[in-house]
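Following: one structure in structure tokens, then a few remarks.
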Amino acid sequence: MTAFDLLLVGYGNVARTFAKLLDERREALASDYRMRTRVIGIATRREGARYVAREFGRPRARSTAAFVREACARDSAAAREGRLVMIETTTLDIDRGEPAITHVRTALAGGAHVVTANKGPAAFAYGRLSRAASRANRRFLFEGAVMDGVPIFNLAREALPAVHVTGFRGVVNSTTNFILTAMEEGRAFGDALAEMQARGIAEADASLDVDGWDAAAKTAALANVLLGANITPHDVERAGMSEATAPLVAAALAAGRRLKLVAQGARRGRRVVARVAPESLPADDLLARLERQQNALVLQTDLLNEIAIVQRGGGLVQTAYALLSDLITIARATPPARRSTRRRRSP
């Protein structure tokens with residue numbers, strides 16, 4: 001049995017759902033994966049940092065990065081044994097991917113594995129952070145960054161040996177696909193967006209969804225990981241959608257087609273080109289068949305031609321599951337703690 005100490009950076013809806021999932025699956029995790037977990041500390045932007053495990057006392061650090069550094073030092077035994085994991089769920093910063101990148105780098109330097117649902121680290125600094133993880137002999141995992149808990153990155157990393165991904169295309173933003181479907185039904189852009197915000201699906205800053213920035217961040221992450229690119233969301237050609245998109249939706253329907261916000265990336269010689277924009281697709285295209293919050297990603301490969309993964313519904317539970325699946329990936333590679341074989345001397 002391996003006991004993992006978890007440091008939660010960010011404690012919004014996703015992290016709270018993750019904590020609930022850990023509690024609900026406690027017995028299954030112990031029996032199936034020989035792992036136990038406890039949360040040792042929590043850091044949030046609004047409420048600051050605190051230790052949950054009493055033996056750590058009160059934090060002295062003033063910033064979240066300093067708190068992560070301090071927690072790694074105070075839990076040095078777990079860090080040294082590969083049992084300390086930072087779960088990072090802060091919101092996306094579309095300008096530079098900070099402070100999430102600093103959180104990840106600091107945790108890795110302190111000996112902790114990192115699991116994040118934030119798109120920023122993979123979208124802005126995948127290469128640097130992967131090298132840092134390799135040097136520290138720790139894992140940097142982010143399955144929840146794209147399509148919630150659908151195993152996009154695990155599929156490419158674990159299930160496709162000797163296969164090279166040469167490109168991808170997909171619908172990867174639930175909010176915009178819901179809006180486009182609603183507009184086909186005659187609803188106003190603003191009303192559909194308001195519903196997504198009320199249901200907690202749209203980003204806190206809804207412009208990240210409708211202006212295409214969320215999809216661009218996911219596109220950059222996919223390109224960096226699957227195609228070996230070194231780009232950021234600002235290198236992705238981007239066009240979003242608005243009330244003015246309604247005539248394009250109607251024109252596509254009139255032609256027997258459907259309008260979708262398509263994210264795509266491909267290798268062109270030594271370059272990787274990436275784009276996010278509304279596209280009028282033929283009705284028999286897999287992406288054209290997606291309804292409401294459904295997402296899909298099509299991988300173009302050298303040996304298996306095209307592989308498609310469809311997500312028929314996503315939300316908080318699915319994103320929280322992505323964090324759990326990454327944690328299990330770490331647990332599978334972590335040997336159980338050895339019991340001491342020393343015998344006590346007779347008095």
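The values are calculated or read from the model by the stated rules, or taken from the named source; none is laboratory data. These numbers come from a predicted model, not from an experiment. Reconstructed Cβ throughout: ideal geometry from the backbone, glycine too, with neighbour counts over all protein chains shown.
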A careful count of residues in region 256-299 that are farther than 22 Å from Gly240 by Cβ, in a loop (DSSP other than H, G, I, E, B) and not basic (Lys, Arg) gives 4
Return a yes/no flag: does region 127-134 have any residue that is modelled with pLDDT of 95 or more and farther than 21 Å from Gly82 by Cα.
-> yes
Please note which helices (runs of 4 or more DSSP H) are completely contained in region 167-248 and include at least 3 residues that are within 24 Å of Thr17 (Cβ to Cβ).
-> 174-184, 189-198, 213-226
Checking Ala156 against (1) within 18 Å of the chain's Cα centre (by Cα); (2) surrounded by fewer than 22 Cβ atoms within 10 Å (Cβ to Cβ); (3) part of a loop (DSSP other than H, G, I, E, B); (4) not β-branched (Val, Ile, Thr), the condition it does not meet = (3)
Subset of region 300-332 (residues that are under 30 Å from Ala251 (Cβ atoms), of a type outside the set (Val, Ile, Thr) and in contact (Cβ under 8 Å) with a residue 60 or more places away in the chain) | Gln300, Gln311, Gly314
Restricting attention to region 200-212, the residues that are buried (at least 24 other Cβ atoms within 10 Å of the Cβ) and in contact with a strand residue (DSSP E or B) (Cβ under 8 Å, 6 or more places away or on another chain) number exactly 1
Please identify the pairs in which a residue from region 8-20 that is at positive phi has its Cβ atom under 7 Å from the Cβ atom of a residue that is buried (at least 22 other Cβ atoms within 10 Å of the Cβ), counting only partners at least 6 apart or on another chain.
-> Gly10/Glu88; Gly10/Thr89; Gly10/Thr90
Can you give me the number of residues within region 267-283 that are at pLDDT below 95 and surrounded by fewer than 17 Cβ atoms within 10 Å (Cβ to Cβ)?
-> 5
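Every residue, every condition in (1) free of Cβ contacts under 8 Å to residues at least 40 places away in the same chain; (2) under 20 Å from the mean Cα position of the chain (by Cα), yes or no:
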| position | (1), (2) |
| --- | --- |
| Val163 | no, no |
| Thr166 | no, no |
| Leu180 | no, no |
| Arg187 | yes, no |
| Glu195 | yes, no |
| Ile201 | no, yes |
| Ser207 | yes, yes |
| Ala217 | no, yes |
| Asn224 | no, yes |
If you scan region 127-153, which residues turn out to be of a type outside the set (A, V, I, L, M) and in a helix (DSSP H, G or I)?
-> Gly127, Arg128, Ser130, Arg131, Ser134, Arg135, Glu143, Gly144, Phe153
